[in-house]
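Read through the structure below, which is laid out as structure tokens, and then see the notes.
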Amino acid sequence: MPQSSPTGGASSNGKVPKTERGRRTLRALLNAAALEFGEKGFHDAAISQITARAGVAAGSFYVYFDSKEAIFTALVKDMSMQVRDYVAPRIADAPDQLAAEKAGQAAYLDFVREHREIYRIIDESEFVDPASYREHYTNSANRIAARLQAAMERGEIAPGNAEVRAWALMGINVFLGLRFGVWSDDDTSDVLADAGRFIAEGLAPRSKP
């Protein structure tokens, strides 16, 4: 998992690490939790195995988290931020919004292939922590809608409902990620080219009669 520093929201009890060592420990716990939950699922995962994977003392877990449920909730938020931080630079480098959406789709597929466990973790969160599940998708859709709305105002894409389009684009990306990121190691060049045309033809500005 990426080694970005966790935010204050990562800890269930507000004990945000103040030292570099503490930040490394928290990061190690979250990385280990991703592996443990991703391999075994929430119910079969164990705190003792998370700390063993992280290479930290069992007591260190409770410095940051009150329970298995607490680290799972933190992990869902952490993985959401990791997707955001992985995709954002590639979108920012794109010359226009159509290119940005294509770049974002490619980046998401790349992320999924590196972190296939995200699907099991996010899917289980619907039942373990429904609020985090909803927040994950709502925050993602809000980010997409904001950039689509800005692109409409710049005239880069056709007018339309930014929220509806955001959820539609997110749905495309999620299921392409499942089919071609989690279930397959096949080359995605043709997949991205075809999906890119789908995006372009759906969002491109309409020519005036």
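The values are calculated or read from the model by the stated rules, or taken from the named source; none is laboratory data. It should be emphasised that the depicted structure is a prediction, and the values quoted were computed from it without experimental measurement. As a convention, Cβ positions derive from the backbone with ideal geometry for all residues, glycine included, and neighbour counts pool all protein chains shown. In case anyone asks, the SASA skips ligands and DNA or RNA and just uses the protein heavy atoms, side chains included. Shrake-Rupley method; radii C 1.70, N 1.55, O 1.52, S 1.80 Å.
Using label points projected 7 Å from each Cα along Cα→Cβ, tell me how many nm separate residue 175 and residue 126, to one decimal.
That separation, rounded to one decimal, is 1.3 nm.
Taking 0.36 nm per residue of sequence separation and subtracting the Cα-Cα distance, how much length would be gained by fully extending the chain between residue 201 and residue 146, in nm to one decimal?
17.8 nm
At 0.36 nm per residue, minus the direct Cα-Cα distance, what do residue 62 and residue 110 gain on full extension? Give it in nm, one decimal, please.
13.9 nm
Subtracting the Cα-Cα distance from 0.36 nm times the residue separation, let me have the gained length for residue 21 to residue 138 in nm, one decimal.
Value of the extension gain: 38.8 nm.
HN-Hα J couplings of region 139-146 from phi, Karplus 6.51/-1.76/1.60, θ = phi - 60°, integer Hz, Gly and Pro as x?
For region 139-146, the Karplus-derived couplings read 4, 4, 5, 5, 5, 5, 4, 5 Hz, x marking Gly and Pro.
Filter the cross-link list 18/77; 15/68; 40/68 down to pairs whose alpha-carbon distance in this structure exceeds 18 Å.
Long pairs (Cα-Cα over 18 Å): 18/77.
Return the sequence-ordered ³J(HN,Hα) values of region 155-167 in whole Hz as given by the Karplus equation 6.51 cos²θ - 1.76 cosθ + 1.60 applied to θ = phi - 60°, using x for Gly and Pro.
Here the 3J(HN,Hα) series is x, 7, 9, 5, x, x, 8, 5, 5, 4, 5, 4, 5 Hz.
Just from the alpha-carbon atoms, what are the Rg and Dmax of region 39-158 in angstroms?
Both quantities, over Cα of region 39-158: 17.5, 56 Å.
May I ask you to list the chymotrypsin sites (Phe, Trp or Tyr not before Pro) in region 128-183 that are in a DSSP loop and have at most 15 other Cβ atoms within 10 Å of their Cβ?
Taking region 128-183 and a limit of 15 other Cβ atoms within 10 Å, the loop chymotrypsin sites (Phe, Trp or Tyr not before Pro) found are 183.
List the residues, sorted by chain then number, that are 5 or more residues from residue 16 or on another chain and whose placed amide H is less than 5 Å from its amide H.
none
Over the chain, what relative contact order in percent results from Cα pairs under 8 Å that are six or more residues apart?
Computed over the chain, the figure is 20 percent.
Counting only protein chains, not ligands or nucleic acids, how are 123, 44 ordered by accessible area (probe 1.4 Å), most first?
Ranking 123, 44 by accessible area, largest first, yields 44, 123.
Over the Cα atoms of region 119-209, each weighted equally, I'd like the Debye log10 I(q)/I(0) at q = 0.22 Å⁻¹, rounded to two decimals.
Treating every Cα as an identical point scatterer, log10 I(q)/I(0) equals -1.13.
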